[in-house]
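Remarks on the structure that follows.
Coordinate-derived values only; no laboratory data. For clarity, every value in this text was computed on a predicted model and none was experimentally measured. Virtual Cβ from ideal backbone geometry, glycine too; neighbours counted across all protein chains shown.
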Amino acid sequence: MRLVDLEPNWFDARYWEDGNEKIGRSGFTMLCPHCGTERLAVTTRKLKMTDQMLALSEAHPNNGGNIVPGGYVWSIDSDDFADMTVTPSVDASASGHWHGFITNGEIR
Ligand SMILES: [Zn+2]
């Protein structure tokens, strides 16, 4: 399975940088490889939880608030979902969803 097959979408959120409020790309969501229905969020900036939840509920209004996990910042090595590596692993197992790795665009 590849990341591009999980309908990945970038999302924008409000964040703070050098004391200034900004809005910009803050991560992406993708369908959970485990259940294929809920969306998991991979955030690439430190966001306030309220800003993260607002951004995600706007991006996916029918998700039911079940986007996981929150409050964590991942590193990505590419802006291209086809060959992106995300570190460390994405662990949504606490809510019964996928735990695994995204390496060179591959879901493992
Ligand atoms: Zn799932």
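About its Cα centre, what dipole magnitude does the chain give when the only charges are +1 on Lys and Arg Cβ and -1 on Asp and Glu Cβ, stated in debye to the nearest 20?
Around 260 debye, computed over the chain.
Computed over neighbours whose Cβ is under 12 Å from that of K22, the net charge equals -2, Lys and Arg +1, Asp and Glu -1. Between the Cα long axis of helix 49-59 and the first principal axis of the chain there is an angle of about 60°, rounded to the nearest 10.
Rounded, prolate or oblate: pick one for region 1-91, where a ≥ b ≥ c are the square roots of the eigenvalues of its C-alpha gyration tensor, a/c under 1.5 means rounded, and failing that, prolate if a/b is larger than b/c, else oblate. The shape class here is oblate.
Highest mean packing first, where packing is the average number of other Cβ atoms within 10 Å per residue, the peptides 91-97, 17-23 line up as 91-97, 17-23. Over all other residues within a Cβ to Cβ distance under 11 Å of A55, the charged ones net out to +1, with Lys and Arg as +1 and Asp and Glu as -1.
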